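Presented below is the structure to which this report refers.
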Amino acid sequence: ADLPWVVKPEEKMKFDSIFDSLGPVGGMLSGEKVKPVLLNSKLPVDILGRVWELSDIDRDGMLDRDEFSVAMYLVYRALEGEPVPMSLPPPLVPPSKR
Amino acid sequence: QYPAGGSSTNPFL
């Protein structure tokens, strides 16, 4: 539980600014707001679907800012050629959700 | 509330 989050503070700041630019309501972004952002990555939809599965940790169909950071982290890593894992590795679980 | 796709909470399914 003391593992450092893989999302580094610099990255978190970048992801948070994207999150805020998308107009969160009550600190949450709906799937409809996040979907076009992820589609912009040009990654295959089945990959993006898995990214969503892994990042919507409470499965409420919305992403809060930590969940959104997980999604963005996975998208950026996928664009660098790293495979998207089938399940969320513990270091990727936001400290607020452990 | 949920995007098209029935009861799924995943907008990509």
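For (1) basic (K, R); (2) buried (at least 19 other Cβ atoms within 10 Å of the Cβ); (3) not in a loop (DSSP other than H, G, I, E, B), each residue gets a yes or a no:
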site: A:L3; (1), (2), (3): no, no, no
site: A:E10; (1), (2), (3): no, no, yes
site: A:L29; (1), (2), (3): no, yes, yes
site: A:K35; (1), (2), (3): yes, no, yes
site: A:L54; (1), (2), (3): no, yes, yes
site: A:Y73; (1), (2), (3): no, yes, yes
site: A:G81; (1), (2), (3): no, no, no
site: A:L88; (1), (2), (3): no, no, no
(message) Against the conditions (1) outside any helix (DSSP H, G or I); (2) away from chain B (no Cβ under 11 Å); (3) on the phi < 0 side of the Ramachandran plot, where does A:D60 fall short? Just the number, please.
(response) (2)
(request) Go through (1) under 20 Å from A:D20 (Cα atoms); (2) surrounded by 17 or more Cβ atoms within 10 Å (Cβ to Cβ) and name the single condition A:V93 misses. (result) (1)
(message) Return the pair list, or none, for Cβ contacts closer than 9 Å from residues in segment A:29-57 that are more than 9 Å from chain B (Cβ to nearest Cβ) and in contact (Cβ under 8 Å) with a residue 40 or more places away in the chain to residues that are assigned to a loop (DSSP other than H, G, I, E, B) and surrounded by 14 or more Cβ atoms within 10 Å (Cβ to Cβ), at least 6 apart or on different chains.
(response) A:I57/A:L88; A:I57/A:V93; A:I57/A:P94
(message) If A:S69 satisfies all but one of (1) surrounded by fewer than 17 Cβ atoms within 10 Å (Cβ to Cβ); (2) under 14 Å from the mean Cα position of the chain (by Cα), what's the number of the condition it fails?
(response) (1)
(request) Report, ordered by the first and then the second residue, all pairs with beta carbons closer than 8 Å, sequence separation of six or more or different chains, a first member in segment A:72-97 that is touching a residue at least 60 places away in the same chain (Cβ under 8 Å), and a second member that is of a type in the set (S, T, Y) and surrounded by 12 or more Cβ atoms within 10 Å (Cβ to Cβ). (result) A:L92/A:Y73; A:P94/A:S69
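Residues are listed down the side, and each one gets a yes or a no for (1) polar (S, T, N, Q); (2) within 17 Å of B:S8 (Cβ to Cβ):
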| position | (1), (2) |
| --- | --- |
| A:S30 | yes, yes |
| A:L43 | no, no |
| A:I47 | no, yes |
| A:A71 | no, yes |
| A:E82 | no, no |
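Determine whether A:D16 is surrounded by 11 or more Cβ atoms within 10 Å (Cβ to Cβ) and at negative phi. Quick ask: steps written out before the conclusion?
Working: surrounded by 11 or more Cβ atoms within 10 Å (Cβ to Cβ): yes; at negative phi: yes.
Spelling it out, A:D16 is indeed surrounded by 11 or more Cβ atoms within 10 Å (Cβ to Cβ) and at negative phi.
Every number here is computed from the coordinates shown, using simple stated rules; none is lab data. Predicted model only: the values in this text are computed from it and were never measured. Note that we place each Cβ from the backbone using ideal geometry, even for glycine, and neighbour counts take in every protein chain shown.
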